[in-house]
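A.B. asks: Right, I'll just put the structure down here and ask away after.
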Amino acid sequence: MFAHEFMRNAFVAGTFTGAACGLVGWFLVLRAQVFAGDALSHVAFTGALAAAAFGIDVRIGLFVATIVVALGMGGLGERAKADDVTIGTVFAWILGLGALFMAIFSRSGAGADGAAAIHVLFGSILGLSATDTWIAVGVSLAAMGALLAIGRPLIFASLDPAVAAAQGVRVGLLGLTFLVILGATAAEATQAVGALLLLGLVAAPAAAAHRLARNPYRSLALAAALAVAGVWGGLAFAYAVPRVPPSTAIIVLASLVYLAAAGMDAGFRGERIRRAREA
Amino acid sequence: MLTSAAFEGLSWNLWADIVGLFDFPFMVHALVAGTAVALVAGPVGWLMVLRRQTFAGHTLSVISFPGAAGAALIGLPLGIGYFGAFAAGALALSGVSRGDSGTESRESAATGTIQALALALGLLFVSLYHGLLNGVSGLLFGTFLGITSTQAAVLALIAFAALALLTVAWRPLVFASIDTEVARARGVPVRALSLGFLLLLGLTVAATSQITGALLVFALLVTPAAAAQQLTARPMLGVALATGIALAVTWIGLGLAYYSIYPAGFFITSLAFLVYVSTRVRSVVVRA
């Protein structure tokens, strides 16, 4: 499997992107901002297609769109938390814009077969070049580094914003920084699993880790590990069964991990209740 | 690029242009179907916003994509795929939401997982079914060109049934949405209503996504309702406004798309967003 260069690239890029998604996702679930993550991932689609329609590098479109929208969402709410209805309204329109750019792009000749749009929506992890791979590694490392640097105050600010603010933690600024990191990660992960599917890689391993471990640092590490395991397993499965797209395999695996974790959690809780009754 | 040829065949004679819309049967079907869909999307979307279930609504709307793709794969009519998928999705989502407080973040993580899983399965079905690419963008972003008279009639029928159900369950549903605890104490079957509403939402979404595509359904559901809630807090007036906005946006959007080379989904979402932004500006001005 590792004899092919595209598989090596996919594994390297997937490992780092997966780890970044797991870490960002853990905070996303903690802060109950999964819907914002959903919106940002769809924004990536519009950004990439806008860049394609105007003949700019797709990557620039991805990063500009997600980071600008992240800043916008942060600016909408005082505590850098816009409400669901506002988010929903804005991203419904942004997806509509995406449809427009897709129409423009498919008329421009270059994308007449629509394949580019499909790649943005569903990812093309097996099509990454060596340069793409190194950029993915760099962006993921930067995102993870930034996240770990603000990790402690961010956990504090997420769990109890009022007390954190009283202790002098800059809650609003932290929330905004987090959204920007989320935007960069989403833009990077779009190239691997696609704008429509990256929510699975962000939400599922993180939600599983939240259920399995109570200690925040252990749970954080578990989220990253589960996401990376999902990427590896998915890539291996897609290699073995070529008719299954790698992004599908990755997301299905991540969802199964979540399902198993939820089942175990429910089982443990039932056990604890039974023991408490007997005692 | 946007060019001057973006709108072909417009004559600047508004009346002639409007009459021209009805020249072709496909456009008449699209308008009938669009009207039916907007009539349901207004009230259902208003309730969705009231119940803070926008994320669930978005997930349900996305689920129609694997439904349709799966139906195409095994050779069933698309409609069956749409409606089969929504039922499965509504059941899965109601399993997720226990309605307890303090589980909000877990619930949304589970909702997000369901959504990504559904899309991943859709991709699988599409890549197993080789009739590929144009179909995908049609399923995701909608096409109103291919609507048959049967489809339009089915959509009208569904809209009628959904509105009838909504009328019957309206009062307890609004009560349960505004104050769950008090409603439960009064003996309102809150959980059953919650599942019922998710099924109704799924039905609406399944119908709507045949016009706007799985990704743009949301514009007709959430945006008119959000605009209406900016304008008034009164339920009946709010529902009427949401429905009116949804209808107007659909008609104008379809009309513009007919004369343009760009997709209807873009016009519908942009018009709806424009209405929403103006209501936001209005409430800021009124407050000041």
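A.B. asks: Being within 15 Å of A:GLN33 (Cα to Cα) and of a type in the set (Val, Ile, Thr) is the filter here, so list the residues in the stretch A:151-170 that pass it.
C.D. replies: Across the stretch A:151-170, the qualifying residue is only A:ILE155.
A.B. asks: Please enumerate the residues belonging to the stretch A:239-263 that are at the interface with another protein chain (Cβ under 7 Å from one of its Cβ atoms) and assigned to a helix (DSSP H, G or I).
C.D. replies: A:SER247, A:THR248, A:ILE251, A:VAL252, A:SER255, A:TYR258
A.B. asks: Any residue that is within 11 Å of chain A (Cβ to nearest Cβ) and under 28 Å from B:MET27 (Cα atoms) - is there at least one of those in the stretch B:190-212?
C.D. replies: So far as the stretch B:190-212 goes, yes, one or more of its residues are within 11 Å of chain A (Cβ to nearest Cβ) and under 28 Å from B:MET27 (Cα atoms).
A.B. asks: So which residues in the stretch B:234-261 are surrounded by fewer than 16 Cβ atoms within 10 Å (Cβ to Cβ), over 15 Å from the mean Cα position of the chain (by Cα) and either of a type in the set (Val, Ile, Thr) or at pLDDT 90 or above (or both), if there are any at all?
C.D. replies: Within the stretch B:234-261, B:LEU237, B:ILE252, B:ILE261 meet the criteria.
A.B. asks: Of all residues in the stretch B:222-249, which are away from chain A (no Cβ under 13 Å), of a type outside the set (A, V, I, L, M, F, W, C) and under 23 Å from B:LEU60 (Cα atoms)?
C.D. replies: Result: B:THR243, single match.
A.B. asks: Let me ask something additional. Please name all residue pairs, on different chains or six or more residues apart, with Cβ atoms under 8 Å, provided the first residue is in the stretch A:251-279 and is under 30 Å from A:LEU201 (Cβ atoms) and the second residue is open to solvent by less than 100 Å² (accessible area, probe 1.4 Å) and not in a helix (DSSP H, G or I).
C.D. replies: So the pair list comes out as A:ILE251/A:LEU197.
The values are calculated or read from the model by the stated rules, or taken from the named source; none is laboratory data. Not measured: the values here are computed from a predicted model. Don't worry about glycine lacking a Cβ; one is built from the backbone with ideal geometry, like all the others, and counts go over all protein chains shown. Accessible surface areas use protein heavy atoms only, side chains included; no ligands, DNA or RNA. Shrake-Rupley method; radii C 1.70, N 1.55, O 1.52, S 1.80 Å.
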